[in-house]
Amino acid sequence: MSKIKAITLFFIIFASFVGGADAMEKQKNIILATTTSTQDSGLLDVLIPIFEKKTGYFVKTISVGSGAAIKMGEKGEADLLLVHSPEAEKKFVESGFGINRKLVMHNDFVIVGPKEDAAKIKGEKSALAALKKIADSSSVFLTRADNSGTHTLEQKIWKKANLNPEGQKWYQQTGLGMGQTLKISSEKNGYTLSDRGTYLALKKNIALEILVEGEPILLNIYHVIEVNSAKWQKVNIDGAKSFSDFMVSKEVQDIIKTFGADKFGSPLFLPDAGKKDEEVGK
């Protein structure tokens with residue numbers, strides 16, 4: 001073999017080795033598209049290090065609204081989703097973009113606002129009636145306006161109340177996640193709809209109180225969904241399944257059961273793995 005051929009063969013083998021190593025490294029990375037509430041509450045800060053240590057995978061978390069997370073899944077830009085927008089999730093799976101949708105946990109939504117409560121909604125049993133009072137009093141209401149699970153539910157409640165706040169001066173868009181929207185609502189002495197977990201996690205830093213809670217329509221359910229590799233071959237199938245299984249494991253469900261209880265007096269989420277959606281909250 002000539003010296004030139006030997007050198008060429010060496011570089012071919014070297015490039016193949018490096019390429020294979022890069023591919024293996026990529027397969028150790030998992031892209032998780034999730035909601036701002038799972039991040040802002042601090043839950044993922046506890047769970048992900050445990051998962052990474054147990055499995056050797058590295059999880060890259062992209063925290064956006066459920067709508068944006070689902071869009072990422074549709075484009076093959078994530079390996080799996082952890083979201084809370086049931087109707088959009090079902091459509092995502094039915095359209096062939098997602099597989100193995102699993103129930104993980106729930107908490108609930110609450111309507112929060114300033115202590116002064118200009119709209120007089122405190123203790124109102126109906127979220128629809130509360131929003132009507134806010135509209136009638138032209139009290140400032142901050143909407144995420146980001147197609148998140150929270151925003152989707154908020155729009156649903158306005159619609160059920162036969163109200164359309166779009167374009168009203170008192171109805172203000174943030175286009176931001178839950179934590180930032182709560183902070184802006186506090187600064188503006190406004191009302192907003194929040195998941196309980198994020199509100200409790202930020203409670204000490206904002207001047208907002210829970211004014212309306214406990215209605216069935218305010219239930220907030222989270223599922224984990226693997227992105228379908230039949231649609232996107234680059235999806236890390238094994239990594240996505242590993243994280244999905246981890247989220248519904250007894251170890252994680254036990255962590256969820258007590259997460260936040262020592263700091264806030266009650267857990268921020270309640271575990272639901274193994275249940276049917278209709279059994280949640282009962």
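Any read-out appearing in this document is the output of simple, stated calculations on the displayed coordinates, not a laboratory observation. Quantities reported herein were computed from a predicted structural model and do not represent experimental measurements. All Cβ positions, glycine included, derive from the backbone under ideal geometry; neighbour counts span all protein chains shown.
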Exercise. Return the FRET efficiency for the residue pair LYS122, GLU166: r is the Cβ-Cβ distance, R0 is 22 Å, and the value is rounded to the nearest 0.05.
Key: 0.30
Practice problem: Compute the distance in nm between two label points, each set 7 Å from the Cα along the Cα-to-Cβ direction, one at ILE210 and one at LYS28. | Solution: 4.3 nm
Quiz item: Using a basic spin-label model with each label point 7 Å from the Cα along Cα→Cβ, how many nm lie between LYS250 and PHE264?
Solution: 2.7 nm
Practice problem: Multiply the residue separation of ASP136 and ALA230 by 0.36 nm, subtract the distance between their alpha-carbon atoms, and state the gained length in nm to one decimal. | Solution: 28.8 nm
Quiz item: Using modelled amide H (1.01 Å from N, peptide plane; none on Pro or chain starts), what sits under 5 Å from the amide H of LEU80, excluding residues fewer than 5 places away?
Solution: ILE31, ALA33, VAL227
Exercise. Give LYS203/LYS276; LYS53/LYS263; LYS60/LYS275; LYS133/LYS160; LYS90/LYS241; LYS71/LYS156 a once-over and call out the pairs whose C-alpha atoms are over 23 Å from each other.
Key: LYS203/LYS276; LYS53/LYS263; LYS60/LYS275
Quiz item: Helices from the chain with mean Kyte-Doolittle at least 0.0 and a Cα length along the axis of 30 Å or more, per DSSP H: which?
Solution: 3-27
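List the GluC sites (Glu not before Pro) within the range 165-247 that DSSP assigns to loop and that have no more than 13 neighbouring Cβ atoms inside 10 Å.
Listed in order of number, the matching sites are GLU166.
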Quiz item: Roughly how compact is the range 108-218, stated as its Cα Rg over 2.2 N^0.38 Å to two decimals?
Solution: 0.92
Quiz item: What are the residues whose amide H is under 5 Å from the amide H of ASP108, where those residues sit 5 or more places off or on another chain and H is modelled from the backbone?
Solution: ARG196, GLY197, ASN220
Quiz item: By per-residue mean of other Cβ atoms within 10 Å, what is the highest-first order of 76-84, 62-70?
Solution: 76-84, 62-70
Exercise. Report relative contact order for the chain in percent, whole number only (criteria: Cα-Cα under 8 Å, sequence separation at least 6).
Key: 27 percent
Practice problem: Classify the range 129-175 as rounded, prolate or oblate, taking a ≥ b ≥ c as the square roots of the eigenvalues of its Cα gyration tensor: rounded when a/c is under 1.5, otherwise prolate if a/b is larger than b/c and oblate if not. | Solution: oblate
Quiz prompt | Per-selection metrics, the chain (Cα): Rg and Dmax in Å | solution = 22.3, 89
Quiz item: Under a plain spin-label model, where a point goes 7 Å from the Cα along Cα-to-Cβ, how far apart in nm are GLN173 and GLU87?
Solution: 1.9 nm
Self-check item: Gyration tensor verdict on the range 236-280 (Cα atoms; rounded if a/c is under 1.5, prolate if a/b is larger than b/c, oblate otherwise)
Solution: oblate
Self-check item: Sequence-distant residues sharing a close amide H with GLU209 (under 5 Å, placed H)
Solution: GLY113, LYS115
Quiz item: When only DSSP loop residues count, what trypsin sites (Lys or Arg not before Pro) in the range 185-217 have their Cβ near at most 15 other Cβ atoms within 10 Å?
Solution: LYS188
